[in-house]
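J.: Okay, here's the structure, questions in a sec.
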Protein chains: 4
Amino acid sequence: MCPPVPLTGVIPPMCTPLTPTGDVDTRSLAALARRLLDAGVHGLFALGSTGEAAYLTDAQRRTALETVVDAAAGRVPVLAGVIDTTTARMRDHAVGAAASGADAIVATAPFYTRTHPAEIADHFRRLRAGTELPLFAYDIPAAVHTKLTAAIVLPLAADGTLAGLKDSSGQVEEARRLLVAARDRGLGERFSVLTGSEMAVDGALLAGVHGVVPGLGNVDPHGYLRLYAHARAGRWAEAAAEQDRLAALFALTETGDPARMGGSSSALGGFKAALHLLGVIDCPATAAPQVPLEAAAVDRVRKFLDDAGLTA
Amino acid sequence: MCPPVPLTGVIPPMCTPLTPTGDVDTRSLAALARRLLDAGVHGLFALGSTGEAAYLTDAQRRTALETVVDAAAGRVPVLAGVIDTTTARMRDHAVGAAASGADAIVATAPFYTRTHPAEIADHFRRLRAGTELPLFAYDIPAAVHTKLTAAIVLPLAADGTLAGLKDSSGQVEEARRLLVAARDRGLGERFSVLTGSEMAVDGALLAGVHGVVPGLGNVDPHGYLRLYAHARAGRWAEAAAEQDRLAALFALTETGDPARMGGSSSALGGFKAALHLLGVIDCPATAAPQVPLEAAAVDRVRKFLDDAGLTA
Amino acid sequence: MCPPVPLTGVIPPMCTPLTPTGDVDTRSLAALARRLLDAGVHGLFALGSTGEAAYLTDAQRRTALETVVDAAAGRVPVLAGVIDTTTARMRDHAVGAAASGADAIVATAPFYTRTHPAEIADHFRRLRAGTELPLFAYDIPAAVHTKLTAAIVLPLAADGTLAGLKDSSGQVEEARRLLVAARDRGLGERFSVLTGSEMAVDGALLAGVHGVVPGLGNVDPHGYLRLYAHARAGRWAEAAAEQDRLAALFALTETGDPARMGGSSSALGGFKAALHLLGVIDCPATAAPQVPLEAAAVDRVRKFLDDAGLTA
Amino acid sequence: MCPPVPLTGVIPPMCTPLTPTGDVDTRSLAALARRLLDAGVHGLFALGSTGEAAYLTDAQRRTALETVVDAAAGRVPVLAGVIDTTTARMRDHAVGAAASGADAIVATAPFYTRTHPAEIADHFRRLRAGTELPLFAYDIPAAVHTKLTAAIVLPLAADGTLAGLKDSSGQVEEARRLLVAARDRGLGERFSVLTGSEMAVDGALLAGVHGVVPGLGNVDPHGYLRLYAHARAGRWAEAAAEQDRLAALFALTETGDPARMGGSSSALGGFKAALHLLGVIDCPATAAPQVPLEAAAVDRVRKFLDDAGLTA
């Protein structure tokens, strides 16, 4: 299906459930997709950072994406991440994603290499030329170590290279300026800004973003959908209250012991532990070499779910 | 005067006008203070980063602070920055600020040195013990290269070390979690979170911050006061529209040529050029070794003022 | 062939010549390999950062590696980079490199993801378990944004996981401590430290590194071989003089205009321009989206070659 | 006294001993100075980072500098750090240092503020114009978060603004290029490059630096003087062996528990604990808010001193 223009709504970056031996657990992944679809999400984002795409082999990525596409069954658009170091490698992934049935591509700037803004712009133009699918830029400086500035993004929005931006930079002031500038240029209705700032979605929607891509939406899609509906209806106090509840729930990403595991492993492990505790997926394993959450950490995840009323 | 608990409202971080020879221009500084007071600001923050405190000698800082205290004349509280590398040096500034009549102190974590979170906490406790004045922590990682996390700040809020936080980190998700956690601990009414995210004030107020410290408020205090009033009255769409207007105006901070001057010089030069064009201050000079804005940049500043309707 | 233990000598990280349409130019690559072999290098490192591996598709990487293996014909060991984001993906590359005839694998810590030291250690252990080939850790924080500390590396050297370290961190003090600690643990004869600090090779050899992996060695292999021979013979003043000459020549990496291209593109473009001017490769093109050097920059490259006496 | 041109030799950045109540312990500081002078150092650097200058009040700085000047009694030049945020504040310190009898000034680029290279150059020119004393630039990106590149430094060396550079960047390849370029411009005999890379002094001297500013020289001045003498006599193997011994001794800077204190506190605490154990200073206290070393850490410091043969 062709994604709506502009793309709006709640579009969770899906976790990729794994079996105890590290294979993609297609049954659990399909179950997760159905749960999100039944909750009413507006799209699914497969193979993002939350989906551990950086840890998956090409074969595993294909399996995961095809599982999500099958589960979506055309009800909502499926966006596919093409995480890799540079243009030619991402183009190969984009071609594969199109063949697997994705509806749009989500690509970062080059990483590992150090790349000039002019080179980043050319990168996106070449990616766009290499596929029929709409292209979303993925701004995630914590991973890529480059910021996609408005000076880079706006010309690419204006000339049709980019259908939108997934903004995981956390830099909401830059996002505000981008939104204002895009509207000034008449791009507001065809360039979609999707925020990954999952603890500031109320403010982001107030500022005019089109949608939200919350990792925590794997765990509590209904919460983000309520938040989104409140905002769209102008019920800002209710939106803020829902965001406050979700911000408290987000603590489930920080239960890992920093002396023995990384913050990213703790966050991804927390999402998967929650999905396992909620009965959505069969196994909470994260991809190697990530350290699994210890039992005490899983207990804390359970408590956060309880506090949020998700285990009733 | 004792600042309200919690401190709320619009509290601009004041520019420090200079004479062509680099002295503090007390006449212009007093005029700027009166303009802000007449607009209805809820406090004045002297000797912050926007006030070029890092460029001023001790004698110049004293002159600037006393000028602002005199101009405030007890109508609103005056907060004083004590920017310096570590505890003992900041304590000397705090003692001086109290003698000059400041109503509260604003202090960063130590910088230049590399400091452990336990040391940062001890730093604030020692500063608090060294003065009678309420103490606000100043979180500005772009300058200090340390983030004041919730894990550092919350215990200091709970035990009364800190009266509040000036958050210039731009990390609104972290701020959201701090706000939620502070309310959970019953600190919402005595620990004041003031945002420096001047292009996301609407969202910050929706998230529950107590006030805002906008550098652009030197130029357009009425805009920020309208925004604040809209938010307090629950007129969120109007607040967002006002924020959009201010976000466009903020472009006056980026008129400098990056090939010949730094971004900070461009921003501070933009504020001062605007105040000079508006007739508030006599001279737009920034402190050495900052490069002055070229004439073409000043023309762009004028255009942004025109576009915002400030020169009518 | 099995690489010597410890691996020593001059082991250039080979450029990957491309055709004007962006394919691997196998004729030029074989010519470059023969030139290095004839100069007397002690090994060849294919698919490193200098080889633009991050820009090459899997198919292009295979072509490049097989070309180098064929050209080496067993005269010296061929090390193969396996640049990718995480363990499973690098393992796939390592399996492919072994099938293509590589003699050793060179792998970074995971990147794009944020990874804990314990996870990095596990990463290398899993990589080592997944291939028969000796494994070298590749420390390049400018690309990976993680430093491989002595605390991570030494246990992996002691237990046989790592055959060596390619140190492109530029942090020679850390390297010194690692060398001292490795010798204290009796690892000096089986753990090979290869420096990528190509402008400080004399000091690195004085400090005890086993070998050097200089990008500039593509252009002037004889210079690095003379430097290495001087150092091994204790002719330190002559080694330093040779290093000074090479440090001046290194300016050919900085001819690109920073307003229009990145520093990495300038460096890789400089190497390739030099090889083209020297008649070694047919086309100086770098991989997209890197910006090519302008003509004036190529002229400067020629001048640096002239000054270094390489075009006589 | 006027420092030699170029300044050469071993010039320790002196620790500043404190009393248990945090005052400058002038008796211990004089004793430390005498110990270094008796060992034969070529200069003394007071009020550097190792001297905890960032933690000292203006009054304490003056006391410390005057104590060192008195102890030096004209036998060797005394360099004085003027650590502060920007030009005008550093100029005030420079005037004070001249009045206290310092022979040269050591100044960083501005910090806390973000500063353009053109502004940094102007900063040093203004500082030089504000004092009669020779000016050394202090490159310490870990503290200042700016790198003094060759492009900034060389013109300032050529026009006489700078008498030298204290290079604490750890970037020895950049230092090599600076040395080569300075010699090419005929500046080798009047622009002094002093390395702070205390674990790579042998390689730095081989590369042509004029002198060394080792924090560990507080503890083992004889070791650095032997290393320097070996290098000057061309006994490079002996120099490297001495450097290896000192690199092992440097472990005394890392005995602190990273869970409870910072790395900087551990290093400064290690130096002072060693000086206390050696009977040079009366009290090992570091300035607040640094956490003191625990007893077990001090035991490890003692063991490293024993291993290095300093407690015989």
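J.: Considering only residues of segment C:126-151 that are basic (Lys, Arg) and surrounded by fewer than 18 Cβ atoms within 10 Å (Cβ to Cβ), which is nearest to C:ALA88 (Cα to Cα)? Break it down into steps so the answer makes sense when it comes.
T.: Here is the first cut: in segment C:126-151, the ones basic (Lys, Arg) are C:126, C:128, C:147.
Of the ones still in play, those that are also surrounded by fewer than 18 Cβ atoms within 10 Å (Cβ to Cβ) are C:126, C:147.
Numbers: C:ARG126: 9, C:LYS147: 21 Å.
Ranking the candidates gives C:ARG126 first.
J.: Please go through segment A:78-93 and give me each residue that is more than 7 Å from chain C (Cβ to nearest Cβ) and either aliphatic (A, V, I, L, M) or farther than 17 Å from A:GLN60 by Cα (or both), ordered by number.
T.: Of all residues in segment A:78-93, those more than 7 Å from chain C (Cβ to nearest Cβ) come to A:78-82, A:84, A:90-91, A:93.
Across segment A:78-93, the qualifying residues are A:VAL78, A:LEU79, A:ALA80, A:VAL82, A:MET90, A:ARG91.
J.: Tell me, please, whether a residue that is among the charged types (D, E, K, R), touching a residue at least 60 places away in the same chain (Cβ under 8 Å) and touching an Asp or Glu at 6+ places or on another chain (Cβ under 7 Å) can be found in segment B:45-65.
T.: Of segment B:45-65, the ones among the charged types (D, E, K, R) are B:52, B:58, B:61-62.
Now narrow it down to the ones that are touching a residue at least 60 places away in the same chain (Cβ under 8 Å): B:52.
Checking which are touching an Asp or Glu at 6+ places or on another chain (Cβ under 7 Å) leaves us with none.
Scanning segment B:45-65 turns up no residue that is among the charged types (D, E, K, R), touching a residue at least 60 places away in the same chain (Cβ under 8 Å) and touching an Asp or Glu at 6+ places or on another chain (Cβ under 7 Å).
J.: So which residues in segment B:84-93 are touching a residue at least 40 places away in the same chain (Cβ under 8 Å) and either β-branched (Val, Ile, Thr) or buried (at least 24 other Cβ atoms within 10 Å of the Cβ) (or both)? Give the derivation first.
T.: Just the residues of segment B:84-93 that are touching a residue at least 40 places away in the same chain (Cβ under 8 Å), to begin with: B:87, B:91.
Selection gives B:THR87 alone.
J.: Could you check B:GLY101 against (1) closer than 27 Å to D:ALA288 by Cβ; (2) in contact with a helix residue (DSSP H, G or I) (Cβ under 6 Å, 6 or more places away or on another chain); (3) touching a residue at least 12 places away in the same chain (Cβ under 8 Å) and say which number it fails?
T.: Going through (1) closer than 27 Å to D:ALA288 by Cβ; (2) in contact with a helix residue (DSSP H, G or I) (Cβ under 6 Å, 6 or more places away or on another chain); (3) touching a residue at least 12 places away in the same chain (Cβ under 8 Å) one by one, B:GLY101 breaks only (1).
J.: Condition first: of a type outside the set (Gly, Ala, Ser), surrounded by fewer than 24 Cβ atoms within 10 Å (Cβ to Cβ) and free of Cβ contacts under 8 Å to residues at least 12 places away in the same chain. Can you find one or more residues in segment A:252-260 that meet it?
T.: Yes, that holds for at least one residue.
J.: Please enumerate the residues belonging to segment B:1-30 that are assigned to a loop (DSSP other than H, G, I, E, B) and farther than 24 Å from B:LEU187 by Cβ.
T.: As a first pass, look at segment B:1-30 and keep what is assigned to a loop (DSSP other than H, G, I, E, B): B:1-8, B:11-12, B:14-17, B:19-23, B:25.
Selection gives B:PRO12, B:MET14, B:CYS15, B:THR16, B:PRO17, B:THR19, B:PRO20, B:THR21, B:GLY22, B:ASP23, B:ASP25.
J.: So in segment D:94-113, with the set limited to residues that are more than 14 Å from every other protein chain (Cβ to nearest Cβ) and not aliphatic (A, V, I, L, M), which one is nearest to B:ALA53 (Cα to Cα)?
T.: Among those residues, the one meeting the criterion is D:SER100.
J.: Using the structure shown, decide if A:LEU277 is more than 14 Å from chain C (Cβ to nearest Cβ), surrounded by fewer than 24 Cβ atoms within 10 Å (Cβ to Cβ) and closer than 27 Å to C:GLU119 by Cα.
T.: On the way: more than 14 Å from chain C (Cβ to nearest Cβ): yes; surrounded by fewer than 24 Cβ atoms within 10 Å (Cβ to Cβ): yes; closer than 27 Å to C:GLU119 by Cα: yes.
Yes, satisfied.
J.: Filter segment A:293-312 down to the residues that are part of a loop (DSSP other than H, G, I, E, B) and in contact with a Ser or Thr (Cβ under 8 Å, 6 or more places away or on another chain) and list them by number. Give the steps one after another, and end with the answer.
T.: First, the residues of segment A:293-312 that are part of a loop (DSSP other than H, G, I, E, B): A:293-294, A:308-312.
Hit for segment A:293-312 is A:LEU293, nothing else.
J.: From the list A:ASP220, A:ASP306, A:ASP282, pick out the single residue that is more than 25 Å from B:ASP184 (Cβ to Cβ), among the acidic types (Asp, Glu) and modelled with pLDDT of 95 or more. Walk me through how you get there before you give the answer.
T.: Values: A:ASP220 fails: more than 25 Å from B:ASP184 (Cβ to Cβ); A:ASP306 fails: more than 25 Å from B:ASP184 (Cβ to Cβ).
So the residue among A:ASP220, A:ASP306, A:ASP282 that is more than 25 Å from B:ASP184 (Cβ to Cβ), among the acidic types (Asp, Glu) and modelled with pLDDT of 95 or more is A:ASP282.
J.: Could you tell me whether any residue of segment D:273-294 is farther than 27 Å from D:ALA54 by Cα and more than 22 Å from the chain's Cα centre (by Cα)?
T.: No, segment D:273-294 has no match at all.
J.: So B:ASP70 fits all but one of (1) in a helix (DSSP H, G or I); (2) without any contact (Cβ under 8 Å) to a residue 40 or more places away in the chain; what number is the exception?
T.: (2)
J.: If C:ALA240 satisfies every condition in (1) out of contact with any Cys (no Cβ under 6 Å at 6 or more places or on another chain); (2) more than 8 Å from every other protein chain (Cβ to nearest Cβ); (3) of a type outside the set (Val, Ile, Thr) but one, which is the exception?
T.: With (1) out of contact with any Cys (no Cβ under 6 Å at 6 or more places or on another chain); (2) more than 8 Å from every other protein chain (Cβ to nearest Cβ); (3) of a type outside the set (Val, Ile, Thr) applied to C:ALA240, the lone miss is (2).
J.: Show the residue pairs that are 6+ apart or on different chains and have beta-carbon atoms under 8 Å apart, the first residue being within segment C:155-177 and over 19 Å from C:PRO13 (Cα atoms), the second being acidic (Asp, Glu) and assigned to a helix (DSSP H, G or I).
T.: Partner pairs satisfying both residue conditions: C:ARG176/D:ASP244.
J.: Right, next: Looking at segment D:182-195, I want the residues that are touching a residue at least 12 places away in the same chain (Cβ under 8 Å) and closer than 16 Å to D:VAL212 by Cα and have a partner that is crowded, with 24+ Cβ neighbours inside 10 Å and of a type in the set (Lys, Arg) with Cβ atoms under 8 Å, at least 6 apart or on another chain. Which pairs are those?
T.: Within 8 Å, the pairs are D:LEU194/D:LYS166.
J.: Please give the number of the condition B:TYR224 fails out of (1) within 12 Å of chain A (Cβ to nearest Cβ); (2) in a helix (DSSP H, G or I); (3) within 18 Å of the chain's Cα centre (by Cα).
T.: (1)
J.: In addition: Here is a check on your reading of the model: is B:HIS93 in a helix (DSSP H, G or I), modelled with pLDDT of 95 or more, more than 16 Å from the chain's Cα centre (by Cα) and over 20 Å from B:VAL213 (Cβ atoms)? Before the answer, list the steps.
T.: On the way: in a helix (DSSP H, G or I): yes; modelled with pLDDT of 95 or more: yes; more than 16 Å from the chain's Cα centre (by Cα): yes; over 20 Å from B:VAL213 (Cβ atoms): no.
Criteria not met by B:HIS93.
J.: So which residues in segment A:54-76 are out of contact with any Phe, Trp or Tyr (no Cβ under 9 Å at 6 or more places or on another chain) and within 9 Å of another protein chain (Cβ to nearest Cβ)?
T.: Hits for segment A:54-76 are A:TYR55, A:LEU56, A:THR57, A:ASP58, A:ALA59, A:GLN60.
J.: Looking at segment B:280-307, which of the residues that are within 10 Å of another protein chain (Cβ to nearest Cβ) and in contact (Cβ under 8 Å) with a residue 24 or more places away in the chain is surrounded by the most Cβ atoms within 10 Å (Cβ to Cβ)? Give the steps one after another, and end with the answer.
T.: As a first pass, look at segment B:280-307 and keep what is within 10 Å of another protein chain (Cβ to nearest Cβ): B:287-291.
Narrowing the set further to residues that are in contact (Cβ under 8 Å) with a residue 24 or more places away in the chain leaves B:287-288, B:290-291.
On the way: B:ALA287: 22, B:ALA288: 18, B:GLN290: 27, B:VAL291: 20.
Among residues in segment B:280-307 that are within 10 Å of another protein chain (Cβ to nearest Cβ) and in contact (Cβ under 8 Å) with a residue 24 or more places away in the chain, the one surrounded by the most Cβ atoms within 10 Å (Cβ to Cβ) is B:GLN290.
J.: If I ask for residues that are touching a strand residue (DSSP E or B) at 6+ places or on another chain (Cβ under 9 Å), among the hydrophobic types (A, V, I, L, M, F, W, C) and within 11 Å of chain B (Cβ to nearest Cβ), which ones from segment A:161-206 would you list?
T.: If the condition is that a residue be touching a strand residue (DSSP E or B) at 6+ places or on another chain (Cβ under 9 Å), among the hydrophobic types (A, V, I, L, M, F, W, C) and within 11 Å of chain B (Cβ to nearest Cβ), then A:VAL172, A:ALA175, A:LEU178, A:LEU179, A:VAL201, A:ALA204, A:LEU205 are the ones that fit.
J.: If you scan segment D:101-119, which residues turn out to be touching a Ser or Thr at 6+ places or on another chain (Cβ under 9 Å) and either surrounded by fewer than 23 Cβ atoms within 10 Å (Cβ to Cβ) or assigned to a loop (DSSP other than H, G, I, E, B) (or both)?
T.: Matches in segment D:101-119: D:THR108, D:ALA109, D:PRO110, D:PHE111, D:TYR112, D:THR113, D:ARG114, D:THR115, D:HIS116, D:PRO117.
J.: Ok, one more. Taking segment D:77-106 only, how many residues are in contact with a strand residue (DSSP E or B) (Cβ under 6 Å, 6 or more places away or on another chain) and of a type in the set (A, V, I, L, M, F, W, C)?
T.: Residues that pass the stated criteria total 11.
J.: In this structure, does C:ARG232 turn out to be in contact with a Leu (Cβ under 9 Å, 6 or more places away or on another chain), under 25 Å from D:ARG183 (Cα atoms), more than 14 Å from chain A (Cβ to nearest Cβ) and not small (Gly, Ala, Ser)?
T.: No.
J.: Separate question: Using the structure shown, decide if D:ASP167 is charged (D, E, K, R), surrounded by 24 or more Cβ atoms within 10 Å (Cβ to Cβ) and in contact with a helix residue (DSSP H, G or I) (Cβ under 8 Å, 6 or more places away or on another chain). Working first, answer last.
T.: Numbers: charged (D, E, K, R): yes; surrounded by 24 or more Cβ atoms within 10 Å (Cβ to Cβ): yes; in contact with a helix residue (DSSP H, G or I) (Cβ under 8 Å, 6 or more places away or on another chain): yes.
So D:ASP167 passes the test.
J.: To continue, here is another question. Considering segment D:262-278 alone, what residues qualify as being modelled with pLDDT of 95 or more and not in a helix (DSSP H, G or I)?
T.: The answer is D:LEU278, and nothing else.
The values are calculated or read from the model by the stated rules, or taken from the named source; none is laboratory data. The shown structure was predicted, so the numbers you read here are calculated from the model rather than taken from an experiment. Please note: Cβ atoms are built from the backbone with ideal geometry, for glycine as well, and neighbour counts cover all protein chains shown.
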